[in-house]
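A.B. asks: Here it is, the structure, as structure tokens.
The values are calculated or read from the model by the stated rules, or taken from the named source; none is laboratory data. Note that the structure is predicted; figures quoted are calculated from it, not measured. Using ideal geometry, Cβ is built from the backbone for each residue, glycine included, and neighbour counts are taken over all protein chains shown.
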Amino acid sequence: MNADDELVVNLIVISKVQINTKLYTSGIYLNLEQPSYIPESVRRWIRQDSRDETIKKINRIVMRALEELKRDPEKNNSYVFHLLEAKKGLLNLRETYSNCIQTVARIDTLISKISSIEPEIETKGITIETATGHLEEKNVDNSDSGSGSSSFGST
């Protein structure tokens with residue numbers, strides 16, 4: 001796998017995070033923490049994994065995807081899809097760590113970075129390629145009380 005594949009895989013893993021599920025960051029790929037008879041704190045200590053390292057690695061992944069998107073928007077339009085999906089996982093991770101103000105603030109910063117691409121998508125009606133290779137167009141629906149809500153529609 002090349003560096004682009006690594007980035008996409010990590011964005012997909014982030015998108016799959018559910019509430020009360022944690023990520024571990026050992027190696028080049030993120031992974032979801034699986035239930036085990038070994039306490040999570042012990043496993044994380046053995047792997048030298050921490051909440052701080054997780055947020056740092058997620059930040060590097062998001063920033064790299066945003067940089068790739070800015071560098072060549074047409075070639076890397078699938079990053080838009082993966083970033084928006086990763087945002088869903090980050091919202092779940094935010095809920096998981098809701099008792100830690102600093103972690104929530106750091107996750108909110110990441111969510112804000114991803115959200116910064118949404119107005120551009122909506123105003124340009126950008127067509128993005130999904131993970132399955134289907135094309136979807138980001139449509140703006142102005143019929144809702146002027147809120148500019150959006151939806152994905154298959155094309």
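A.B. asks: Out of all the residues in the stretch 1-14, which are more than 14 Å from the chain's Cα centre (by Cα) and assigned to a helix (DSSP H, G or I)?
C.D. replies: From the stretch 1-14, those more than 14 Å from the chain's Cα centre (by Cα) are 1-5; that's our starting set.
A3, D4, D5, listed by residue number.
A.B. asks: Please find, within the stretch 36-62, the residue that is nearest to L84 (Cα to Cα) out of those that are touching a helix residue (DSSP H, G or I) at 6+ places or on another chain (Cβ under 7 Å) and of a type outside the set (S, T, N, Q). Lay out the reasoning, then the answer.
C.D. replies: Start the filter on the stretch 36-62 by keeping residues that are touching a helix residue (DSSP H, G or I) at 6+ places or on another chain (Cβ under 7 Å), which leaves 36, 50-51, 55, 58-59, 61-62.
This time we only want the ones that are of a type outside the set (S, T, N, Q), so: 51, 55, 58, 61-62.
On the way: R51: 22, I55: 17, I58: 14, I61: 13, V62: 11 Å.
Here the residue is V62.
A.B. asks: Can we say Y97 is under 12 Å from the mean Cα position of the chain (by Cα), modelled with pLDDT under 95 and surrounded by 12 or more Cβ atoms within 10 Å (Cβ to Cβ)? Before you say what the answer is, go through the steps one by one.
C.D. replies: On the way: under 12 Å from the mean Cα position of the chain (by Cα): no; modelled with pLDDT under 95: yes; surrounded by 12 or more Cβ atoms within 10 Å (Cβ to Cβ): yes.
In short, no.
A.B. asks: Determine whether V42 is β-branched (V, I, T) and within 15 Å of the chain's Cα centre (by Cα). Let's see the steps before the verdict.
C.D. replies: On the way: β-branched (V, I, T): yes; within 15 Å of the chain's Cα centre (by Cα): no.
In short, no.
A.B. asks: Between residues in the stretch 53-82 that are farther than 22 Å from K22 by Cβ and residues that are among the small types (G, A, S) and not in a helix (DSSP H, G or I), which pairs lie under 7 Å by C-beta distance while being six or more apart or on different chains?
C.D. replies: If the second residue must be among the small types (G, A, S) and not in a helix (DSSP H, G or I), the pairs left are F81/A131.
A.B. asks: Can you pull out the residues in the stretch 37-74 that are assigned to a loop (DSSP other than H, G, I, E, B) and either surrounded by 13 or more Cβ atoms within 10 Å (Cβ to Cβ) or in contact with a Leu (Cβ under 8 Å, 6 or more places away or on another chain) (or both)? Lay out the reasoning, then the answer.
C.D. replies: First pass over the stretch 37-74, keeping only residues assigned to a loop (DSSP other than H, G, I, E, B): 37-39, 47-50, 72-74.
Residues satisfying the conditions are R47, D49, S50, P73.
A.B. asks: Among I114, I121, I128, I107, which is the only one that is surrounded by 11 or more Cβ atoms within 10 Å (Cβ to Cβ), touching an Asp or Glu at 6+ places or on another chain (Cβ under 7 Å) and either within 30 Å of K22 (Cβ to Cβ) or at pLDDT below 50 (or both)? Steps first, answer last, please.
C.D. replies: Working: I114 fails: touching an Asp or Glu at 6+ places or on another chain (Cβ under 7 Å); I121 fails: touching an Asp or Glu at 6+ places or on another chain (Cβ under 7 Å); I107 fails: touching an Asp or Glu at 6+ places or on another chain (Cβ under 7 Å).
Step by step, each of I114, I121, I128, I107 is checked, and only I128 is surrounded by 11 or more Cβ atoms within 10 Å (Cβ to Cβ), touching an Asp or Glu at 6+ places or on another chain (Cβ under 7 Å) and either within 30 Å of K22 (Cβ to Cβ) or at pLDDT below 50 (or both).
A.B. asks: Here's another thing I want to ask about it. Looking at the stretch 15-36, I want the residues that are more than 17 Å from N59 (Cβ to Cβ) and outside any loop (DSSP other than H, G, I, E, B) and have a partner that is of a type in the set (A, V, I, L, M, F, W, C) and modelled with pLDDT under 90 with Cβ atoms under 8 Å, at least 6 apart or on another chain. Which pairs are those?
C.D. replies: That search, which allows pairs on different chains as well, returns N31/L23; L32/L23.
A.B. asks: Has the stretch 83-101 got at least one residue that is farther than 20 Å from I19 by Cβ and part of a loop (DSSP other than H, G, I, E, B)?
C.D. replies: No, there is no match, as no residue in the stretch 83-101 is farther than 20 Å from I19 by Cβ and part of a loop (DSSP other than H, G, I, E, B).
A.B. asks: Residue check: is I61 modelled with pLDDT under 95 and of a type in the set (V, I, T)? Before the answer, list the steps.
C.D. replies: Working: modelled with pLDDT under 95: no; of a type in the set (V, I, T): yes.
Judged against the criteria, I61 is not a match.
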